[in-house]
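*Asks:* My questions will all concern the structure given below.
Values quoted throughout were computed directly from the atomic coordinates according to the rules given, and no laboratory measurement underlies them. None of the values given here were measured: they were computed from a predicted structure. Here the Cβ positions follow ideal geometry from the backbone for every residue, glycine too, while neighbour counts run over all protein chains shown.
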Amino acid sequence: MNDQTALITGASSGIGFELARCFARDDYRVVLVARHHDELQEAARLIHQEFQGVDVVLLPFDLSRPDTAERLYAATTQRGLTIDALVNDAGFGETGYFTDTAMQTELDMIQVNATSLVHLTKLYLRDMVERNSGRILQVGSIASFSPSPCQAVYAATKAFVLSFAEAVQHELKQQKSAVTMTILCPPPTATNFFHVAHAENTRAASHTVSARDVAEEGYDALMDGAARSLPTLGAKVNFFSSLLLPDSVLATLMNTQLHPVGK
Ligand SMILES: NC(=O)c1ccc[n+]([C@@H]2O[C@H](COP(=O)([O-])OP(=O)(O)OC[C@H]3O[C@@H](n4cnc5c(N)ncnc54)[C@H](OP(=O)(O)O)[C@@H]3O)[C@@H](O)[C@H]2O)c1
């Protein structure tokens, strides 16, 4: 055990689980957060199976509730856990024209993808800055770079995460802090995301990369203290296109990817 602790939200599946696996491999104690306890238990079983002796703490919390960040922070403090690495991975999307999608789903999405991410960052980053040590990985998306018709609110939350993370990165440098913040912008990735977002019948869902590859690249960038991780060629192409093309063209391209095929 290297005596360091990583807290990973959204750790029960997909990219979050694979990130938790990277920390466990490097002997971190891992604190896994998601809503469903049975799925957290299964994630813990898989981690223990592969990396015997790793300390795994399960904290089932719903990040769509406004008080969760405070309660989660209190839960780790009460257990005497110092969080050396925070991964804000929990997130979800929804697909369809904004006039057709459910408002409550999108309000919950803003809470999980953006508000709780900011709140957890506030609570744990203050402690890290005081210790002058720690790392934070914010999970954005290639959707952070472009307006995305059919996932308008989802992409807006991810643009928020990018802007927020880049601003705080700059502040940490100005404060001459050793704490680092990295933003991971995955391309379409084979996880439960497309099912949850009702996006299985889209072009984006048909050319995915592996969650393990995305997580490994993101983890390496986090450990290097890099500002940004753009896993695979797909994410890099998206990023550089967003620098060159106007938003109206990017929106048209994203619409092609996210509009349900045949509708
Ligand atoms: N897959 C992609 O194509 C893709 C591309 C770019 C970015 N991303 C981002 O990557 C991150 C991880 O997504 P994924 O692709 O790995 O999808 P996933 O397999 O569906 O994983 C989502 C994770 O978040 C948790 N979660 C969802 N709602 C939550 C809530 N209210 N409170 C606490 N935990 C919650 C889920 O567990 P419970 O359901 O048990 O709560 C699960 O552990 C997200 O931020 C997503 O936006 C994904």
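*Asks:* With each label point set 7 Å from Cα along the Cα-Cβ vector, what nm distance links Glu70 and Leu253?
*Replies:* 4.3
*Asks:* Given points 7 Å out from each Cα along the Cα-Cβ axis, report the Leu243 to His37 separation in nanometres with one decimal.
*Replies:* About 4.9 nm, to one decimal.
*Asks:* Let me ask something else about it. Which one, Phe240, Ile47, Thr68, is farthest towards the positive end of the dipole of the chain when Lys and Arg carry +1 and Asp and Glu -1 on their Cβ?
*Replies:* Phe240
*Asks:* Also: Could you calculate the contour length gain from Val196 to Glu216, that is, 0.36 nm times the residue separation minus the distance between their Cα atoms, to one decimal place in nm?
*Replies:* 4.9 nm
*Asks:* All other residues with a Cβ under 13 Å from the Cβ of Leu58 taken together, and with Lys, Arg as +1 and Asp, Glu as -1, what is their net charge? Show your work: numbers first, answer last.
*Replies:* On the way: positive: Arg29, Arg35, Arg45, Arg79; negative: Asp38, Glu39, Glu42, Asp55.
Around Leu58, the charge tally is 0.
*Asks:* What is the helix-to-structure angle for 247-258, meaning the angle in degrees between its Cα long axis and the longest Cα principal axis of the chain, kept from 0 to 90 and rounded to the nearest 10?
*Replies:* 80
*Asks:* Need the full-extension length gain, Thr105 to Gln175, defined as separation in residues times 0.36 nm minus the C-alpha distance. One decimal, nm. Intermediate values should be presented prior to the final figure.
*Replies:* Details: separation 70, 0.36 × 70 = 25.20 nm, distance 3.77 nm.
Answer, rounded to one decimal: 21.4 nm.
*Asks:* Can you compute the helix-only [θ] at 222 nm over the chain? Use -39500 (n - 2.57) per DSSP H run of at least 4 residues, normalise by all residues, nearest 500 deg cm²/dmol. Please list the in-between numbers first.
*Replies:* Values: 10 runs with 127 residues, N = 263.
Calculated mean residue ellipticity at 222 nm is -15000 deg cm²/dmol.
*Asks:* Now, a different point. Taking the 0 to 90 degree range and rounding to the nearest ten, how far is the long axis of helix 211-224 tilted relative to the main principal axis of the chain, both from C-alpha atoms?
*Replies:* Once rounded, the angle reads 60 degrees.
*Asks:* By average Cβ neighbour count within 10 Å, what is the ranking of 203-209, 150-156, 243-249, 253-259 from highest down? The partial results should precede the final answer.
*Replies:* Working: 203-209: 16.4, 150-156: 23.1, 243-249: 10.0, 253-259: 19.3.
So the peptides 203-209, 150-156, 243-249, 253-259, ranked by packing, come out 150-156, 253-259, 203-209, 243-249.
*Asks:* Under 15 Å from the Cβ of Ile110, count the other residues' Cβ atoms, weight Lys and Arg +1, Asp and Glu -1, and hand me the total. Each step should come with its number before you reach the end.
*Replies:* Numbers: positive: Arg65, Lys158; negative: Asp62, Glu94, Glu106, Asp108.
Local net charge: -2.
*Asks:* Now a separate question. Could you bin all the Cα-Cα distances of segment 145-192 into 10 Å bins starting at 0 and give me the percent of pairs in each, rounded to whole numbers?
*Replies:* Answer for segment 145-192: a P(r) of 22, 41, 25, 11, 0 percent.
*Asks:* Next question. Stokes-Einstein at 4 °C, 1.567 mPa s, Kirkwood radius from Cα pairs: D for segment 5-258 in µm² s⁻¹? Before the final figure, lay out the partial values.
*Replies:* Numbers: Rh = 18.3 Å.
Here the translational diffusion coefficient equals 71 µm²/s.
*Asks:* Using only the alpha carbons, work out the radius of gyration and Dmax of segment 204-263 in angstrom.
*Replies:* 14.1, 44
*Asks:* Could you give me D for segment 183-230, from Stokes-Einstein at 4 °C and 1.567 mPa s, where the hydrodynamic radius is the Kirkwood radius over C-alpha pairs? Units µm² s⁻¹, please. All intermediate terms of the calculation are to be shown ahead of the outcome.
*Replies:* On the way: Rh = 11.5 Å.
D, rounded to a whole number, is 113 µm²/s.
*Asks:* While we're looking at this one, here's another question. Which three extents, in angstrom, do the Cα atoms of segment 1-146 have along their principal axes, listed largest first?
*Replies:* Each principal axis gives a Cα extent; for segment 1-146 these are 51, 36, 29 Å.
*Asks:* Using only Cα atoms, tell me the angle between helix 232-244 and the longest principal axis of the chain; keep it within 0 to 90° and round to the nearest 10.
*Replies:* 60
*Asks:* A follow-up question, please. Determine, for segment 5-258, the count of lysine pairs separated by eight or more sequence positions (or lying on different chains) whose alpha-carbon distance falls under 23 Å. Walk me through the numbers on the way to the answer.
*Replies:* Values: Lys122/Lys158; Lys122/Lys173; Lys122/Lys176; Lys158/Lys173; Lys158/Lys236.
For segment 5-258, qualifying lysine pairs total 5.
*Asks:* Moving on. Would you work out which of Leu58, Ala6, Leu120 lies farthest towards the positive end of the dipole of the chain, given +1 charges on the beta-carbon of Lys and Arg and -1 on that of Asp and Glu, about the Cα centre?
*Replies:* With unit charges placed on the Cβ atoms, the residue in question is Leu120.
*Asks:* Nothing charged except the Cβ atoms of Lys and Arg (+1) and of Asp and Glu (-1): what's the magnitude of the dipole of segment 5-258 about its Cα centre? Round to the nearest 20 debye.
*Replies:* On the way: 19 positive and 28 negative charges, 91 e Å.
So the dipole magnitude of segment 5-258 works out to roughly 440 debye.
*Asks:* Further, regarding this structure: Note down the relative contact order for segment 5-258 as a percent, whole number, built from C-alpha pairs under 8 angstrom at least six residues apart. Please list the in-between numbers first.
*Replies:* Working: 479 pairs, mean separation 49.6, N = 254.
Relative contact order here is 20 percent.
*Asks:* Say R0 is 22 Å: what FRET efficiency, to the nearest 0.05, do Ala227 and Arg25 get from their beta-carbon distance? Don't skip to the end; give the middle numbers.
*Replies:* Working: r = 24 Å, r/R0 = 1.09.
Using R0 = 22 Å, I get an efficiency of 0.40.
*Asks:* What is the magnitude of the charge dipole of segment 204-263 about its Cα centre, with +1 placed on the Cβ of each Lys and Arg, -1 on the Cβ of each Asp and Glu, and no other charges, expressed in debye to the nearest 20?
*Replies:* Details: 4 positive and 6 negative charges, 58 e Å.
The calculated dipole for segment 204-263 is roughly 280 debye.
*Asks:* What percentages, rounded to whole numbers, describe P(r) for segment 73-146 computed over all alpha carbon pairs with 5 Å bin width beginning at zero?
*Replies:* Calculated P(r), rounded to whole percents: 3, 13, 20, 21, 16, 11, 8, 6, 3, 0.
*Asks:* Which residue, Pro187, Pro231, Pro66, tops the fluctuation ranking in a GNM of the chain built on C-alpha contacts under 10 Å?
*Replies:* In this elastic network of the chain, the residue with the biggest mean-square fluctuation among Pro187, Pro231, Pro66 is Pro66.
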